[in-house]
Amino acid sequence: MKKIDAIIKPFKLEEVKDALTELGVYGMTVSEVRGFGRQKGHKEAYRGTEYTIEFVPKTKIEVVVSDAMADKVIETIIRTAKTGSIGDGKIFMSNLEGVVRIRTGESGDRAL
């Protein structure tokens, strides 16, 4: 199993969620996060004063999928979250040793 964490622009969330659901991914965790990458934030003006926003608002999507689905999920996230501009985000993939559904005690792929 793989755990995939995707950091994307907030306005792309619905599009990514819909595409993952079409692919067969039904469970995901979504969080509002803040951070910066190479761009190190951006500047905004408010009432004539310029402010540096160091931590840019982003959305984090966490999904756990079988090894066989991992590449398709990553390709889908890239295709739907990409705008072509700075700050599109990143995808992190890690191996997951196991998962257990609390309600039924099912484990492994059956718990997904």
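Some points to look at:
- Against the chain, whose longest principal axis comes from its Cα atoms, helix 67-81 is set at around 20 degrees.
- When +1 charges are put on Lys and Arg Cβ atoms and -1 charges on Asp and Glu Cβ atoms, the dipole computed for region 22-112 relative to its Cα centre reaches about 320 debye.
- Flagged links, alpha-carbon separation over 18 Å, of Lys12/Lys82; Lys2/Lys58; Lys3/Lys82: Lys2/Lys58; Lys3/Lys82
- Helix-only [θ]222 nm of the chain, DSSP H runs n ≥ 4, -39500 (n - 2.57) each, per residue, nearest 500: -7500 deg cm²/dmol
- Distance distribution P(r), the chain, all Cα-Cα pairs, bin width 10 angstrom from 0: 13, 40, 28, 13, 5, 1 percent.
- What you get for region 59-112, charging only the Cβ of Lys and Arg (+1) and of Asp and Glu (-1), is a dipole of about 220 debye around the Cα centre.
- Neighbourhood charge, 14 Å Cβ-Cβ cut-off, centred on Gly24 and excluding it, Lys, Arg +1 and Asp, Glu -1: -3
- Degrees, to the nearest 10: 13-23 long Cα axis against longest axis of the chain: 20
- Close amide H partners of Gly35, meaning residues 5 or more places away or on another chain with modelled amide H under 5 Å apart, are Val56, Lys58.
Each reported figure results from applying straightforward, stated rules to the coordinates on display, with no laboratory input. All values reported here derive from a predicted model rather than from experimental measurement. Quick reminder, even Gly has a Cβ in these numbers, built from the backbone with ideal geometry, and neighbours come from all protein chains shown.
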